[in-house]
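Here is the structure we will look at, set down as structure tokens.
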């Protein structure tokens with residue numbers, strides 16, 4: 001019998017990490033960023049502006065409970081740190097107003113800009129944030145300050161949630177769909193991504209026509225990448241270019257974006273899904289230092 005866990009093809013692995021080579025008690029400022037998204041929640045702990053620990057968890061039905069769960073997971077992993085040891089906490093993301101223990105909230109656009117510089121380096125000028133329910137094209141300067149940005153209309157088809165729906169529809173684990181979509185000899189025409197309901201209906205039609213999963217995924221990711229590139233071109237793509245958010249790990253989407261832009265995306269130094277929470281933690285550090293002056 002197949003278990004419920006095994007049949008949840010959308011489920012991506014949750015992670016909790018601590019830099020065990022360092023002692024957080026040696027730091028002057030412990031800051032925290034909570035990126036509460038529609039699909040995932042990240043809690044990042046930074047020691048003097050350097051990544052020390054994080055948790056990346058699934059967002060549940062309660063936003064406040066999800067933020068508590070992520071922070072508690074990372075504190076439990078650290079072992080000897082309590083919430084009282086954190087000097088300042090900034091909440092960001094889709095549900096930032098629902099982080100009950102945050103000292104301040106800052107928009108995810110500002111945090112992804114700041115975090116992208118940490119994740120990719122200060123040469124990045126254009127950031128694509130591919131989240132659970134929306135897409136954002138962000139222009140930044142060398143410090144990560146936002147110069148301009150554009151968002152897509154609210155529709156799940158070209159976002160993380162849309163990809164989760166397709167994974168369950170085709171019974172392919174979400175960690176495998178990107179590579180699978182590249183195993184086609186010729187790129188198929190894109191499916192509709194105007195609405196996830198229409199895209200789902202179109203995919204069911206392709207299944208009935210006998211298309212294999214590789215071709216269907218290629219058609220879907222071709223559509224996702226086309227929509228993304230249209231948004232990027234509207235804001236004006238400037239090198240260097242980088243991608244943040246969970247879809248940055250989907251090679252099928254990333255490769256197609258790179259081909260359409262004729263531009264290679266930067267390689268991240270740390271998990272790019274953490275960019276929003278890292279940016280929030282960096283803002284938290286700066287705000288704490290400012291408050292002490």
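The values are calculated or read from the model by the stated rules, or taken from the named source; none is laboratory data. Just so it is clear, the model here is predicted, and its values are computed rather than measured. Don't worry about glycine lacking a Cβ; one is built from the backbone with ideal geometry, like all the others, and counts go over all protein chains shown.
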Inset, instruction - Please identify the pairs in which a residue from the stretch 40-66 that is at pLDDT below 95 has its Cβ atom under 7 Å from the Cβ atom of a residue that is loosely packed, with under 15 Cβ neighbours inside 10 Å and not in a strand (DSSP E or B), counting only partners at least 6 apart or on another chain. - result: 58/14; 64/100
Inset, instruction - Among the candidates 278, 257, 243, single out the residue that is buried (at least 17 other Cβ atoms within 10 Å of the Cβ), under 22 Å from residue 54 (Cβ atoms), modelled with pLDDT of 95 or more and not assigned by TED's automatic domain parsing to the domain that holds residue 37. - result: 243
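If a residue counts only when it is without any contact (Cβ under 8 Å) to a residue 40 or more places away in the chain, under 26 Å from residue 265 (Cα atoms) and in contact with a strand residue (DSSP E or B) (Cβ under 8 Å, 6 or more places away or on another chain), which helices (runs of 4 or more DSSP H) contained entirely in the stretch 157-230 have at least 3 such residues? First the steps, then the outcome.
On the way: elements: 160-170, 177-181, 196-208.
In the stretch 157-230, no matching helices (runs of 4 or more DSSP H) lie anywhere.
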Inset, instruction - Scan the stretch 84-102 for residues that are closer than 17 Å to residue 276 by Cβ and crowded, with 17+ Cβ neighbours inside 10 Å and jot them down. - result: 88, 89, 90, 91, 92, 93, 94, 95, 96, 98, 99, 102
Inset, instruction - Output yes when any residue across the stretch 140-156 is within 15 Å of the chain's Cα centre (by Cα) and either at pLDDT 95 or above or surrounded by 22 or more Cβ atoms within 10 Å (Cβ to Cβ) (or both), and no when none is. - result: no
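May I ask you to verify whether residue 77 is modelled with pLDDT of 95 or more, assigned to a strand (DSSP E or B) and surrounded by fewer than 21 Cβ atoms within 10 Å (Cβ to Cβ)? Quick ask: steps written out before the conclusion?
Working: modelled with pLDDT of 95 or more: yes; assigned to a strand (DSSP E or B): no; surrounded by fewer than 21 Cβ atoms within 10 Å (Cβ to Cβ): yes.
Taking the combined requirement at face value, the residue does not satisfy it.
Can you pull out every residue in the stretch 207-223 that is modelled with pLDDT of 90 or more and touching a helix residue (DSSP H, G or I) at 6+ places or on another chain (Cβ under 9 Å)? Walk me through how you get there before you give the answer.
Looking only at the stretch 207-223, we keep the residues that are modelled with pLDDT of 90 or more, and these are 207-222.
Those that are modelled with pLDDT of 90 or more and touching a helix residue (DSSP H, G or I) at 6+ places or on another chain (Cβ under 9 Å): 207, 211, 213, 214, 215, 216, 217, 218, 219, 220, 221, 222.
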